[in-house]
Amino acid sequence: MKKILIVDDQTEIRELVEVTLRSGDYQVFMAKSGEKAIEIARAEKPELIIMDIMMPGGMNGLEATRIIKNDPETKDCTIIMLTAKGQQADREAGFEAGADDYFAKPFSPLELIRKVEEVLG
Amino acid sequence: MKERTKELNRALYDTQEARDRIDGILKSVGDGLIVTDIYNRVILMNRAAENLLDVRFSELIEQPIDFAIQDDTLRDQLKATLDKKETDGQFDFKLPGEDTKHPRIMCARTSVIKDRTSEQTTSIITIIHDVTHEREVELMKTEFLSTAAHELRTPLTSIQGFSEILITRKDLSKEERRKFLSYINKQASSLAMIVNDLLDVSRIESELGFALNKQKCIAGDVIKDVIPYFQESSPKLKIEVVLPDKPVELFVDKEKMQQVLKNILSNAIKYSPEDSVIRVVGEIVPNLELVDNERSSAFRISIEDRGIGMTPGQVEQIFNKFYRVDVSDSAPEGTGLGMTIVRYIVEMHDGKVWVESEPGKGTTVKFVIPI
């Protein structure tokens with residue numbers, strides 16, 4: 001069973017992604033901060049991390065992505081950034097930090113599943 | 001012969017006077033002005049340009065422009081623009097400001113002067129204008145738009161996502177359906193508030209203003225009605241309310257006043273620890289602080305928190321449109337409009353609002369409304 005880590009500071013969004021992924025056969029982990037994301041990434045080595053780019057109050061998604069991708073233990077995790085739709089700068093910053101792909105908010109859950117299936121093959 | 005000499009003297013005098021007049025005009029023009037010939041040699045430079053570039057025109061007459069400019073980047077930029085020999089070549093450059101964190105931003109713009117008959121370029125005027133303030137405002141607007149966009153997308157994500165889940169999925173429990181519907185409902189309200197804030201501010205901007213619906217109300221009620229919402233969403237917070245013994249009647253737009261209280265409280269909570277104390281104090285004060293000359297009274301409301309506080313620099317900007325204390329990705333949510341709207345509403349009631357704060361200790365926002 002593939003492991004997916006969801007990282008977003010907002011409880012509702014985490015819940016939305018979790019419910020969305022429930023229809024597939026995945027083991028879902030959740031983190032509400034960049035720091036927690038790094039901790040879980042190291043412990044569980046998820047195949048996929050869905051990471052929000054903006055997380056007020058602590059380490060943001062870009063920083064966490066950079067750290068995870070630079071750590072030999074976790075660099076093989078695929079990271080999809082959740083960005084704001086139409087913000088080119090967000091996308092570029094995401095790729096620069098090492099993200100593998102991006103997905104824009106607001107989103108259709110069906111499309112998110114399609115993207116996840118595409119990435120996890 | 002004498003007539004000739006007289007005429008020549010007169011012509012010389014007129015020319016001299018014309019030149020003095022032009023010199024006078026150039027000296028007093030606030031923007032820097034440099035005129036160069038087609039070989040980029042300096043023909044004319046006014047006092048403002050001398051000061052900006054820290055050079056003296058007298059030392060530069062007919063010298064290549066290179067000698068006027070110490071900064072390499074600026075020299076290259078200016079030469080590149082001059083070499084194009086066009087009008088409205090433009091570029092920004094920085095000059096040291098009061099401190100390293102606050103450089104001045106200058107905009108240099110070129111204009112060609114052509115000979116009337118041959119249409120050949122004879123010289124180029126470069127005007128240097130201080131645009132520090134404009135660029136600052138542009139930057140704040142861009143940041144504001146990006147923050148506003150983010151704030152709008154957050155509720156929209158819940159609304160779009162959960163509604164689609166409810167429509168397409170058959171495997172949800174009854175509790176889950178109910179929960180998701182309430183999320184959609186709550187976020188729709190949140191969205192409405194954000195949109196209202198944005199509209200309020202754009203109305204303030206265009207100075208159409210909004211109409212006040214003043215009515216008689218009891219000061220205590222206006223304040224007390226607002227508290228429960230905040231107390232509920234921050235249960236660990238202790239919100240104290242102190243009011244005068246006798247009820248005080250105010251003639252104000254109740255809804256707008258409550259918006260003022262909500263905006264201030266919202267900030268206080270945002271920048272305070274979860275289990276902190278916030279004091280809301282209402283009291284009658286002599287109307288010394290207001291423009292009114294008559295000895296009358298005013299009602300003063302103070303909202304005091306024990307949060308992170310602000311530096312004097314931050315306090316100075318707190319009412320500016322689009323200003324947010326922290327715009328990094330790690331900043332708490334907000335559009336930076338709350339206090340702009342607060343000041344506008346208070347001033348429309350002929351009142352005054354101000355902020356006292358100490359970094360690390362806390363912030364107190366006070367406003368007075370005439371009774």
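The values are calculated or read from the model by the stated rules, or taken from the named source; none is laboratory data. Please read all numbers here as calculations on a predicted model, not as lab measurements. So basically every Cβ, Gly included, is an ideal-geometry build from the backbone, and we count neighbours across all protein chains shown.
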From the option list B:Glu98, B:Glu175, B:Glu119, B:Glu164, single residue qualifying as at positive phi and not assigned by TED's automatic domain parsing to the domain that holds B:Asn320 is B:Glu119
Among B:Glu136, B:Glu164, B:Glu151, which is the only one that is outside any strand (DSSP E or B), of a type in the set (Asp, Glu) and away from chain A (no Cβ under 11 Å)?
B:Glu136
Does A:Thr78 satisfy being among the polar types (S, T, N, Q), within 11 Å of the chain's Cα centre (by Cα) and modelled with pLDDT under 90?
no
Considering residues that are among the small types (Gly, Ala, Ser), more than 9 Å from chain B (Cβ to nearest Cβ) and part of a helix (DSSP H, G or I), the number found within region A:70-110 is 3
Looking at the structure I just gave you, is B:Ser189 of a type in the set (Gly, Ala, Ser), under 18 Å from B:Leu152 (Cα atoms) and either surrounded by fewer than 14 Cβ atoms within 10 Å (Cβ to Cβ) or free of Cβ contacts under 8 Å to residues at least 60 places away in the same chain (or both)?
yes
When A:Pro56 is run through (1) at pLDDT 90 or above; (2) assigned to a loop (DSSP other than H, G, I, E, B), the failure sits at (1)
Inspect region B:284-291 for any residue being at pLDDT 90 or above and over 25 Å from B:Ser233 (Cβ atoms) and give the result as yes or no.
yes
Checking the condition among the charged types (D, E, K, R) and modelled with pLDDT under 85, which residue from B:Glu176, B:Glu151 passes?
B:Glu151
Which residues, taken from region B:48-63, are buried (at least 16 other Cβ atoms within 10 Å of the Cβ) and either aromatic (Phe, Trp, Tyr) or outside any loop (DSSP other than H, G, I, E, B) (or both)?
B:Ala48, B:Ala49, B:Glu50, B:Leu52, B:Leu53, B:Phe57
Can you name every residue in region B:16-53 that is within 39 Å of the chain's Cα centre (by Cα) and of a type in the set (Val, Ile, Thr)?
B:Ile22, B:Ile25, B:Val29, B:Ile34, B:Val35, B:Thr36, B:Val42
Looking at (1) assigned to a helix (DSSP H, G or I); (2) acidic (Asp, Glu); (3) in contact (Cβ under 8 Å) with a residue 40 or more places away in the chain, which is the one condition that is false for B:Asp92?
(1)
Would you tally the residues in region A:47-63 being out of contact with any Cys (no Cβ under 9 Å at 6 or more places or on another chain) and away from every other protein chain (no Cβ under 11 Å)?
2
Quick one: B:Ala80 ticks every box in (1) surrounded by fewer than 17 Cβ atoms within 10 Å (Cβ to Cβ); (2) under 32 Å from the mean Cα position of the chain (by Cα) except a single one, so which number is it?
(2)
